[in-house]
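Below is one structure; the comments refer to it alone.
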């Protein structure tokens, strides 16, 4: 009678362990999804501010239309690039990062161009939006760092033996980290010309 009891107890223990692994991975995955939602929320705030900034700049009748057009197009591309938080891959993160970098670049050109328009630089709405954009860029950096902080324990958990087998059976895969744009580790060359 005791011989058949041992396999049943072992099966129950393995099933309980598997459920524990599954539940832990789900909790870790939900943490990464929440952190990614914070990243997207920060970028959405930036997109909204950029829309308001563009409207403010459009009020300057003689402002360069090409610069505004670049920002509007980059913003549209950035908002179209989305990521499924239940399947975050390095390729998706790279595409998202490229779209956001294109928007950042266009926005930088816009802000440099604004320097030639003293009336616009003195505009209270423009100055307030510019300050909010700076704060939002900081929020974006914090949100990306927090996302990476949640991906690490998730990846460790789904890759460590023997949990790796249960996690892969349940369909959990390693997630990608949000990485800096290629070449960003090099400081830009700055050439000051004195006349």
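Bear in mind these aren't lab numbers, they're just calculated from the coordinates by the rules spelled out. Computed from a predicted model, the values in this text were never measured in an experiment. All Cβ positions, even for glycine, are placed from backbone atoms using ideal geometry, and neighbour counts span all protein chains on display.
Would you please give the FRET efficiency between residue 125 and residue 73, computed as 1/(1 + (r/R0)^6) with r the Cβ-Cβ distance and R0 = 22 Å, to the nearest 0.05?
Working: r = 23 Å, r/R0 = 1.04.
Taking R0 as 22 Å, the efficiency between residue 125 and residue 73 is 0.45.
Compared with the dominant principal axis of the Cα atoms in the chain, helix 2-58 is inclined by about 10°. The label-point distance for residue 115 and residue 81, in a model that sets each label 7 Å from Cα toward Cβ, rounds to 2.6 nm. Assuming 0.36 nm per residue, please report the length gained on full extension of the stretch residue 34 to residue 89 beyond their Cα-Cα distance. Length gained between residue 34 and residue 89: 18.2 nm. Measure nothing fancy, just the Cα-based angle from helix 90-114's long axis to the longest principal axis of the chain, in degrees from 0 to 90, nearest 10. That helix lies at roughly 20 degrees to the long axis.
Could you estimate the translational diffusion coefficient of the stretch 1-105 from the Stokes-Einstein equation, with Rh from the Kirkwood formula over C-alpha pairs, at 20 °C and 1.002 mPa s, in whole µm²/s? Walk me through the numbers before you get to the answer.
Details: Rh = 17.6 Å.
D, rounded to a whole number, is 121 µm²/s.
Using alpha-carbon positions, what is the distance between the centroids of the stretch 88-149 and the stretch 4-64, in Å? Each part's Cα centre sits 21 Å from the other's. Quick one: angle between helix 65-80 and the longest Cα principal axis of the chain, in degrees between 0 and 90, rounded to 10, please. Result, in degrees: 10. The candidate values were (i) 11.3; (ii) 15.0; (iii) 14.4; the one computed from these coordinates for mean projected area of the Cα convex hull in nm² carries the label (iii). Each helix, a run of at least 4 DSSP H residues, gives -39500 (n - 2.57); summed and divided by the residues of the chain, these come to -26000 deg cm²/dmol at 222 nm.
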